[in-house]
1. Taking only the range 174-230 into account, find how many residues are polar (S, T, N, Q) and under 20 Å from Ala102 (Cα atoms).
2. Any idea which residue in the range 98-112 is surrounded by the fewest Cβ atoms within 10 Å (Cβ to Cβ), counting only those that are within 29 Å of Phe362 (Cβ to Cβ) and not β-branched (Val, Ile, Thr)?
3. Pairs under 9 Å by beta carbon, first residue free of Cβ contacts under 8 Å to residues at least 40 places away in the same chain in the range 238-260, partner more than 16 Å from ligand 1 (Cβ to nearest atom) and assigned to a helix (DSSP H, G or I), six or more apart or different chains?
4. Can you tell me which condition Val132 does not meet? The list is (1) within 14 Å of ligand 1 (Cβ to nearest atom); (2) assigned to a loop (DSSP other than H, G, I, E, B); (3) out of contact with any Pro (no Cβ under 7 Å at 6 or more places or on another chain), and all the others hold.
5. Can you tell me which residues in the range 113-126 are crowded, with 20+ Cβ neighbours inside 10 Å and part of a helix (DSSP H, G or I)?
6. Ile175: surrounded by 24 or more Cβ atoms within 10 Å (Cβ to Cβ) and either assigned by TED's automatic domain parsing to the domain that holds Asp99 or over 24 Å from Gly280 (Cβ atoms) (or both), yes or no?
7. Search the range 367-380 for residues that are outside the structural domain of Pro426 (by TED's automatic domain parsing) and more than 20 Å from Pro426 (Cβ to Cβ) and pair each with any residue that is among the hydroxyl-bearing types (Ser, Thr, Tyr) and more than 8 Å from ligand 2 (Cβ to nearest atom) when their beta-carbon atoms are under 7 Å apart and the residues are at least 6 apart or on different chains.
8. Output the residues belonging to the range 325-339 that are touching a residue at least 24 places away in the same chain (Cβ under 8 Å) and either part of a helix (DSSP H, G or I) or within 16 Å of ligand 2 (Cβ to nearest atom) (or both).
Amino acid sequence: MITLAKLMKIKEKTLNEVGDKFNKNIELNSLEIRDKLRNAGVINPLSIEEYIARDGYLGALKASQMKQTDIIQEMKKSGLRGRGGAGFPTGLKWQFAHDANADQKYIIMNADEGIPGDYMDRIIMESDPHSVIEGMLIAGMAIGATKGFIYLRIEYPKCKVVLEKAIKDAYELGILGSPLFNTDFKFDIELRIGAGAYICGEETALIESIEGMKGQPRNKPPFPVTEGLYGKPTVVNNVETLCIVPQIIQKGGHWYHKIGNPETPGTKIHTISGKVKRPGYYELPTGMPIKTILEQVAGGMANGSDFKAVLFSGPSGGFLKKDELFRRTGFDTLAKNGVQMGAGGLIVLDESNDIVSLCRSFMKFNMKESCGRCTPCREGTVRIYELLKKIESGMGTDKDLIQLEDLSYYMINSAFCGLGQSAPNPVLSGLDKFRNEFQNKLYNFGEGK
Ligand SMILES: Cc1cc2nc3c(=O)[nH]c(=O)nc-3n(C[C@H](O)[C@H](O)[C@H](O)COP(=O)(O)O)c2cc1C
Ligand code: SF4
């Protein structure tokens, strides 16, 4: 069994052993904040002792002395919104699951991160696996769940090794599977590996997959918080959401709420790829203008190329042009301007990038990943892909362009789940902002071209 005395003994011994390793200077941009990534590059992720030496599991200790409703209250005070893409308030989600009456409840950490260009969750799991285990423990205490699952995408073999070791060490120390800090609360975690389907990141498809079914979304409602895994109340939270929970409990909800944009408090880890000088991952306070992120954090355009657009959320996102870069990050702030912040991945394009070709390539991704359950998405992604291919090859007509737009709206309004509902976003955003690129590729019969 783990106790405070045991934690403190490990901390003291480890601090003596590591010397000044934790003081090493990690080169950061002056705009970066390291809350979620506080241990990244500092501790050895394979060492539970080093996590404990950096005050690891003190959040769980504090939570174990709190009432469930007080933990949830603290989460609500923090204003934390889920970082998996939808931005749902975490405290409220926990409240719903807490209030549901059941003999068994579950916590699931969604580590299926599959959007091209996004790898923030991978960085967290590879560098600080215990932060998410501790986050899951606290979520379990808050709602009364005794079992947790980590659903990890198969494409992350390093995360698998690191998580397996972390779970094993947490069991050996009596953090998992044993009464926690002199309470009678016990929590188990099982690691499940997905089979490479993007749709299994959608929470109900993920639940189906854990249950051994085909990974296809369920009807909502009922929502997982009341009827989730095996029909029991289930909280599904993203990796980036869970990793900050221990610090919120330790430092208090007010601490977190003060950071960043008040409608999406805290930080966001952005992964930036494409034509910038310094692509990579950056933890930044929300509310930062996109121009600042691209120029001051990512170093501006690489090789003197000319900026064309930035795309948020890859195959389900939208473009922002130069004159829109003053917009600030935050779920609502960006949505008001027609862009989904999603999980925070940014792809930067220069003048050499062809919008039609990019839309075609993203639609190919959606077409391959469509689970096939509903006709608008199963058929719609294929038809849109074919139209884009035709236009790209120079054989498209005005009629094709109209059909492309019609089909996109039809799919958004009739597809069953988020994948199909957002798959046409790049096309519609591309048509809205770069229509001339589509038109210039059309085959103009009347002009004998
Ligand atoms: C097609 C699709 C893929 C998704 N993939 C992920 C994913 O890989 N990771 C994730 O956390 N959420 C993903 N989501 C969102 C989840 O359904 C869910 O909203 C999220 O895990 C909730 O966690 P949060 O409240 O902490 O954000 C996906 C949604 C859709 C529609
Ligand atoms: S929208 Fe696409 S992914 Fe979602 S249920 Fe329909 S076919 Fe499956």
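The values are calculated or read from the model by the stated rules, or taken from the named source; none is laboratory data. Predicted, not measured: the structure shown is a model, and the values here were computed from it. Cβ: placed from backbone, ideal geometry, glycine included. Neighbour counts: every protein chain shown.
1. Residues flagged as polar (S, T, N, Q) and under 20 Å from Ala102 (Cα atoms) within the range 174-230 amount to 2.
2. If we take residues in the range 98-112 being within 29 Å of Phe362 (Cβ to Cβ) and not β-branched (Val, Ile, Thr), then Asn110 is surrounded by the fewest Cβ atoms within 10 Å (Cβ to Cβ).
3. As it stands, the answer is Lys251/Gly59, since those pairs meet every condition given.
4. Going through (1) within 14 Å of ligand 1 (Cβ to nearest atom); (2) assigned to a loop (DSSP other than H, G, I, E, B); (3) out of contact with any Pro (no Cβ under 7 Å at 6 or more places or on another chain) one by one, Val132 breaks only (2).
5. Selection gives Met120, Asp121, Arg122, Ile123, Ile124, Met125.
6. The answer is yes for Ile175.
7. Final answer for the pair search is none.
8. Listed by number, the residues that qualify are Phe331, Asp332, Thr333.
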